[in-house]
Amino acid sequence: MSIDFDGAVEFFRQVIEREHAMHVAAYAERDNARYEAIAMRSQSDAAEGARLHNWRPSQPDDVWFREGQEASRNLFAPRKLFQVKAYAHPTLGLLYRAYVGHTTRSVDDLTFYFATWFAVNADRWKVISTYELDPDCEVIDTGLSQWVHVSGVKLDGDLGPLLDVRKLEAPAEPRDREEYDAE
């Protein structure tokens with residue numbers, strides 16, 4: 001089982017770029033067909049059943065869209081990629097987990113927010129599962145934050161052995177830092 005951290009990090013940086021373009025387009029692109037093309041490109045990084053955050057909060061003919069689009073689109077920033085872990089999952093094989101920050105500038109961008117699991121399927125990288133951090137819920141035995149399943153494959157139980165970790169940037173939040181430094 002050969003770990004490709006360079007490929008994994010590059011794939012996830014591209015996922016982040018496409019997701020950011022989709023978020024900006026959701027607020028600024030007046031042409032629905034162009035917005036849909038950008039959103040579909042972002043979603044193409046996900047395997048069937050997994051979804052990335054692709055939503056449009058309003059339509060170009062809404063008053064809010066006309067009055068607030070410029071200010072709103074400046075709310076978004078590309079997610080920070082903190083670390084990537086590689087596991088030998090017992091049934092899925094080599095599996096990567098990316099820890100990333102939030103997409104909104106108003107939220108502290110040096111904290112974990114989202115964990116995305118991805119793998120190589122048919123010679124193509126694909127997101128297979130997404131989780132969000134619930135900072136109000138702690139796991140009793142570890143004291144670490146609880147990850148809540150959002151979409152795709154539900155990865156409960158045995159993840160298999162941790163093979164390696166690529167640390168890219170340490171989070172500032174102490175609880176996140178504890179999880180970051182755990183391995």
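Can you pull out the residues in the stretch 8-34 that are more than 20 Å from the chain's Cα centre (by Cα) and at pLDDT below 85? Answer for the stretch 8-34, where residues must be more than 20 Å from the chain's Cα centre (by Cα) and at pLDDT below 85: 28, 29, 30, 31, 32.
This table checks each residue for (1) at negative phi; (2) surrounded by fewer than 18 Cβ atoms within 10 Å (Cβ to Cβ); (3) modelled with pLDDT under 80.
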| residue | (1), (2), (3) |
| --- | --- |
| 76 | yes, no, yes |
| 94 | yes, yes, no |
| 119 | yes, no, yes |
| 122 | no, yes, yes |
| 127 | yes, no, no |
| 136 | yes, yes, yes |
| 140 | yes, yes, yes |
| 144 | yes, yes, yes |
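Scoring residue 173 on the criteria (1) at pLDDT 85 or above; (2) surrounded by 13 or more Cβ atoms within 10 Å (Cβ to Cβ) leaves a single failure, condition (1). Taken over the stretch 24-53, the criterion of being in contact (Cβ under 8 Å) with a residue 40 or more places away in the chain, under 27 Å from residue 95 (Cα atoms) and not in a loop (DSSP other than H, G, I, E, B) is satisfied by 46 alone.
Scanning the stretch 5-21 for residues that are without any contact (Cβ under 8 Å) to a residue 40 or more places away in the chain and either over 16 Å from residue 80 (Cα atoms) or in contact with a strand residue (DSSP E or B) (Cβ under 6 Å, 6 or more places away or on another chain) (or both) returns a single hit, 6.
Restricting attention to the stretch 146-169, the residues being modelled with pLDDT of 80 or more and surrounded by 13 or more Cβ atoms within 10 Å (Cβ to Cβ) number 15. When residue 58 is tested against (1) crowded, with 17+ Cβ neighbours inside 10 Å; (2) at pLDDT below 90, exactly one condition is not met: (1).
The values are calculated or read from the model by the stated rules, or taken from the named source; none is laboratory data. Model, not experiment: these values are computed from the prediction. All Cβ positions, glycine included, derive from the backbone under ideal geometry; neighbour counts span all protein chains shown.
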